[in-house]
Structures are given as C-alpha cells and as structure tokens.
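Taking it in order: structure first as structure tokens, then the write-up.
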Amino acid sequence: MTEVLEITQPGLLATLQDFGRFGHQAQGVTEGGPMDERAFLWANRLLGNSYNAAQIEITLGQFKAKFRHATLFVVTGAEFPLSLNGNSIKSWRVYQAQAGDTLSVGHNDSGLRNYLAVSGGFRAEPVLGSVATVVRDGLGGLQQQGKPLAKGDVLAAEVGFAKTLESRRPSSSVVTAIPSRPVLDLIPAGQIQQFSTAARQLLVGQTYQVTNKQDRMGVRLQGQQPLPQVPASMISEPLPMGSVQVPADGQPIVMMNDHQTLGGYPKIGVLSWTARSILAQLPAGRKFQFRWLELAEAQRELRQVWRFFNVMR
C-alpha cells in the first residue's frame with residue numbers, strides 16, 4: 001500500500017465508502033455504502049477497479065485534497081465545479097494526478113454528492129467485511145470507528161495503473177445529469193393493500209418535494225396533500241433500503257443507506273435502483289413525482305446493472 005491522498009479540507013461531510021456491509025441486518029447492522037450507487041459503480045468501472053473498491057463520498061462539496069503519489073482518479077456524481085491545481089476539469093472523466101497536485105471540489109445546486117475514486121481503490125481495515133462508514137453505528141471508515149474523514153487524514157491505495165485509462169469517460173449515450181423534474185419508480189410492497197385506492201392514486205398523481213429533513217438515514221417528503229386514511233402503525237418488521245414508509249401525518253419518509261433495520265410505519269412501496277440513486281442527489285426543495293413499476297421490471301433492471309458492473313453478491 002502507498003499513501004496517495006491527504007485530506008486538506010473535508011467539507012461538510014466526507015466519508016469512506018465501499019459498496020456496503022451485507023449479511024448483518026439480523027443483528028441490527030445496516031448496509032451503509034454509497035447513497036448514489038450509480039455514480040459509485042461508474043467511478044470504479046471507469047478506473048477498471050472492482051465494483052467494491054472504496055471511494056470517498058463527498059456531500060455538498062467544499063472539499064480539497066492533495067495527492068501524495070501519482071495515480072489515476074475520477075470524480076462522478078453531482079456536476080460540481082472541479083479543479084486540479086486551479087485548472088478546471090470535468091466530472092465523469094479519468095485524469096492522472098502527480099504527487100503534489102491539489103484537487104478541489106466546489107458546490108452548486110446541481111446535486112448533493114460526489115464520489116472520488118482512485119486506481120485500485122482506497123484501503124482501510126474492514127469491519128464486518130466492509131470499510132463503509134456508518135456514523136450512527138460507529139462502524140467502518142479510515143479508523144474503523146465510523147468517523148467521517150478529517151483534515152490531515154491520509155488514505156492509501158495499491159499503486160499501479162494503466163495510462164490507457166486516462167481521459168476515459170462514459171459513452172455519450174449514457175445520461176449522467178439528474179433530470180430537472182425527476183420521476184421516481186416505485187414498486188408496490190409491504191402494506192400496499194392496506195392503503196385505499198385514493199391514497200395509491202394520490203401518491204403517483206401529485207408532486208412531492210424533498211424537505212431539509214434528510215440525511216444518510218432517510219429523506220422526508222412533502223406532498224401537496226397528505227395521503228388519506230393511513231393504516232395504523234404495526235409491529236416493527238424488517239426494512240429494505242428504499243422503503244417508502246407513511247407515518248400518521250400522511251407524508252412519506254424514504255429509508256436510505258444508514259436506515260434502521262426495523263420499522264413500524266406501514267410501507268406503501270420501495271424505490272427502484274435508479275430511483276434511489278436519483279433521490280440521493282436531490283437537494284431540499286427539488287420536486288419530483290412517483291410512478292408505479294412492476295416488480296418484474298425492477299428485478300430486470302437490477303440484474304442488468306449487476307451484470308454490467310460485475311457486482312458479485
């Protein structure tokens with residue numbers, strides 16, 4: 001291992017994430033991992049890394065780091081202003097950094113999160129099979145204690161890369177930008193039959209907006225009208241990632257990567273894989289709509305994604 005990157009300004013929140021911590025929900029341990037899985041997987045693919053290679057998830061930009069060793073790198077996710085040694089560079093494109101180079105990530109209203117990946121992936125000692133940082137649980141990260149990255153932290157990686165990957169980027173047919181008015185696919189699930197026809201129709205018929213009550217655990221939404229006749233709370237049961245719970249006030253809450261593993265609010269559906277990645281990038285105030293998606297179609301999408309990115313689970 002070689003020291004490749006020093007954090008000089010972590011911004012609001014920068015965490016080390018691999019693809020997540022699996023097989024421990026029965027013990028109350030959530031997955032963690034990247035909020036925008038699509039951006040994360042693309043970063044590793046562009047560099048020729050394993051799908052699980054660890055990256056830095058940067059929330060709301062304002063991040064700076066100095067390279068300590070030559071390496072290839074890429075930044076995906078939100079289209080924030082990027083510069084290398086003060087010179088503007090593009091996201092979703094592989095670049096070569098030299099020792100002493102400085103990377104800066106700015107901020108605008110295009111999204112919430114970036115993913116910084118280097119050739120070979122960042123290395124740290126895994127906890128329960130993963131380096132994914134879950135602050136709430138005190139698990140993972142550079143020091144194995146669930147702490148965000150801080151100024152002065154130094155990250156190592158396995159040095160060795162192919163220069164032929166420099167300037168590599170997704171095909172022009174791949175849309176990387178977040179739509180101005182997204183439509184999020186929702187699979188009927190959980191207690192769907194306990195919701196009235198009127199509630200199910202209203203959910204996909206009206207516009208929702210993301211509130212400022214959001215983090216890596218979940219996202220609270222605000223609809224023009226609350227869903228009517230919400231079923232009563234129930235005995236807590238397992239919560240899949242992307243679950244859309246509806247509390248008594250009729251305004252949905254979406255469970256994200258660091259969600260609790262059990263919940264007692266009725267679930268009206270679960271977001272598709274693409275929908276979760278889009279929601280992870282929507283800042284407070286952004287509006288969107290839901291639409292129903294058949295389970296078979298959601299499963300087909302996920303199989304295609306895992307095949308394309310060589311995800312092994």
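What to note about this one:
- Potential lengthening of the chain between residue 308 and residue 165 amounts to 49.7 nm, from the contour at 0.36 nm per residue minus the alpha-carbon distance.
- Of the GluC sites (Glu not before Pro) in region 277-313, the ones in a loop by DSSP (not H, G, I, E or B) with at most 14 other beta carbons within 10 Å are 294.
- Largest to smallest in accessible area, the residues 58, 89, 235 fall in the order 235, 89, 58 (1.4 Å probe, all protein chains included).
- Label point distance in nm, residue 236-residue 248, each placed 7 Å from Cα along Cα→Cβ: 1.8 nm
- Shape category assigned to region 76-192 from the gyration tensor of Cα positions, a/c cut at 1.5: oblate
- As a calculated quantity, the FRET efficiency between residue 27 and residue 192 at R0 = 25 Å, using C-beta atoms, amounts to about 0.30.
- Net charge dipole size for the chain [Lys, Arg +1 and Asp, Glu -1 on Cβ; Debye, nearest 20]: 500 debye
- Estimated at the nearest 10 Å², the accessible area of residue 196 is 30 Å² with a 1.4 Å probe.
- Angle between the chain longest axis and helix 37-47 axis [Cα atoms, degrees, rounded to 10]: 20 degrees
- Sulfur and carbon atoms: percent of accessible area, the chain [1.4 Å]: 50 percent
- Simple spin-label estimate for residue 151 and residue 99 in nanometres, 7 Å along Cα-Cβ: 2.5 nm
- The accessible-area ordering, largest first, of the residues 258, 153 stands as 153, 258, per a 1.4 angstrom probe.
- Only one item in (i) 19.2, 56; (ii) 19.6, 61; (iii) 20.0, 64 matches Rg and Dmax of the Cα atoms in Å derived from the coordinates shown, and that item is (ii).
- Averaged over its residues, the chain has an accessible area of 43 Å² per residue, based on protein heavy atoms and a 1.4 Å probe.
- Exposure of residue 292 as accessible area (Å², to 10), given a probe of 1.4 Å and all protein chains: 90 Å²
- Theoretical ellipticity at 222 nm over the chain - DSSP helices of four or more residues, -39500 (n - 2.57) apiece, nearest 500: -4000 deg cm²/dmol
- Legend: residues 167, 233, sorted from most to least accessible area (1.4 Å probe; ligands, DNA and RNA excluded), read 233, 167.
- Area of residue 101 that stays accessible when all protein chains are in place (1.4 Å probe, Å², to 10): 20 Å²
- Counting only lysines at least 8 places from residue 267 when in the same chain, those with an alpha carbon closer than 26 Å to its own are 213, 287.
The values are calculated or read from the model by the stated rules, or taken from the named source; none is laboratory data. Given the structure is predicted, the values throughout are model-derived calculations rather than measurements. Neighbour counts run over all protein chains shown; Cβ positions are idealised from the backbone, glycine included. Just the protein is used for accessible areas: all its heavy atoms, side chains included, with ligands, DNA and RNA removed. Shrake-Rupley method; radii C 1.70, N 1.55, O 1.52, S 1.80 Å.
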